[in-house]
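The values are calculated or read from the model by the stated rules, or taken from the named source; none is laboratory data. The structure displayed is predicted, hence computed values, not measured ones. We place every Cβ from the backbone using ideal geometry, glycine too, and count neighbours over all the protein chains shown. To get the accessible areas, we keep the full protein, side chains included, count just its heavy atoms, and leave off ligands, DNA and RNA. Shrake-Rupley method; radii C 1.70, N 1.55, O 1.52, S 1.80 Å.
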Amino acid sequence: MILLYISILSIIQGITEFLPVSSSAHIVLMSAFFSQFKELGNITEDVLTIAIALHLGTLLSVMVYYNKEVKDMITFKDIKLTTKILLAFIPIAIVGGIITMAGIDILQSKNIIATAMIVFGIILWVSDKYGKEKSTIKDIGYKESIIIGLSQVVALIPGVSRSGATMTAGRFIGMTRPEAVRFSLLLSMPTIGAAMLALIYKFITTEQNQTEMLKVSVLVFILSAIVSYISLKVFVKFAKKFNMNFFVIYRIILGILLLLI
């Protein structure tokens, strides 16, 4: 049962991390479902090593996919791109840092997740349908980068979706769909990295013994990395040919079902 739970967790994280459907919402809901199985003990409550492995797997996948951009940013070959990504990262770094250091737990109720899924699904549809397709990452300025970065703060609410919020912001400021997706994915690297560091900090300072999950975390890392890479590759191709209606409909249906159940 534990192996099944870990495998499903890794696959869901890998599939949903970069899609505009909120990976955190899916993880919360899945953990709630599996919590009824006594065989799992308290594994669904707060397994830090597994959470770290999930983030490490998804981070590796996007870094491998965008290896050229990563190299250019690290070596400052593309200083403008580096600056834009860093500026967009600042808002979530500040707010996320405050939340982590203060030990604040964000409320993850079913109704909040459901409402966020529906409301921000509609906002995603509006931005994708009426957003002007005129700008690329090179065209947007530093102010626009910060605007996209601010949308990540809103995505701290479970059900909003980090990728969905940043893509929505990108489309509203006039970026083409593929470029909004690309900026969102590049921005995910420092964001996921920071979230992973926050989890590591919590792991170091917690009194819970998580060492027994280290072996399982290796499987989590491998599965999440592989599935994330495949999902990422498919989604980038999808965004070049199709609109976001499929994800909008999915969000609304899932949100309604959650409110009714």
Residue check for Leu259: out of contact with any strand residue (DSSP E or B) (no Cβ under 8 Å at 6 or more places or on another chain), surrounded by fewer than 16 Cβ atoms within 10 Å (Cβ to Cβ) and within 24 Å of Gln108 (Cα to Cα): yes
Based on this model, can you work out whether Lys215 counts as of a type in the set (Lys, Arg) and at pLDDT below 90? yes
Tell me which residues, restricted to the stretch 11-29, are closer than 20 Å to Ile222 by Cβ, at pLDDT 80 or above and among the aliphatic types (A, V, I, L, M). Ile11, Ile12, Ile15
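This table checks each residue for (1) part of a helix (DSSP H, G or I); (2) open to solvent by 20 Å² or more (accessible area, probe 1.4 Å).
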site: Lys71; (1), (2): yes, yes
site: Ile98; (1), (2): yes, yes
site: Ile112; (1), (2): yes, yes
site: Val126; (1), (2): yes, yes
site: Glu133; (1), (2): no, yes
site: Ile137; (1), (2): no, no
Select from the stretch 139-153 the residues that are open to solvent by less than 60 Å² (accessible area, probe 1.4 Å) and of a type in the set (A, V, I, L, M) and write down the one among them that is nearest to Ala194 (Cα to Cα). Val153
List the pairs whose first member sits in the stretch 8-34 and is under 19 Å from Met167 (Cα atoms), whose second member is charged (D, E, K, R) and not in a helix (DSSP H, G or I), and whose Cβ atoms are under 7 Å apart, counting only residues at least 6 apart or on separate chains? Ser23/Glu17
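Conditions tested, residue by residue: (1) at pLDDT below 95; (2) of a type in the set (Phe, Trp, Tyr); (3) within 27 Å of Leu223 (Cβ to Cβ).
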position: Gly41; (1), (2), (3): yes, no, yes
position: Asp78; (1), (2), (3): yes, no, no
position: Ile85; (1), (2), (3): no, no, no
position: Lys110; (1), (2), (3): yes, no, yes
position: Gly121; (1), (2), (3): no, no, no
position: Tyr130; (1), (2), (3): yes, yes, no
Taking Ile104 as the residue in question, decide whether it is part of a loop (DSSP other than H, G, I, E, B) and open to solvent by 50 Å² or more (accessible area, probe 1.4 Å). yes
Exactly one condition in (1) in contact (Cβ under 8 Å) with a residue 60 or more places away in the chain; (2) over 30 Å from Ile261 (Cβ atoms) is not met by Thr82; state its number. (1)
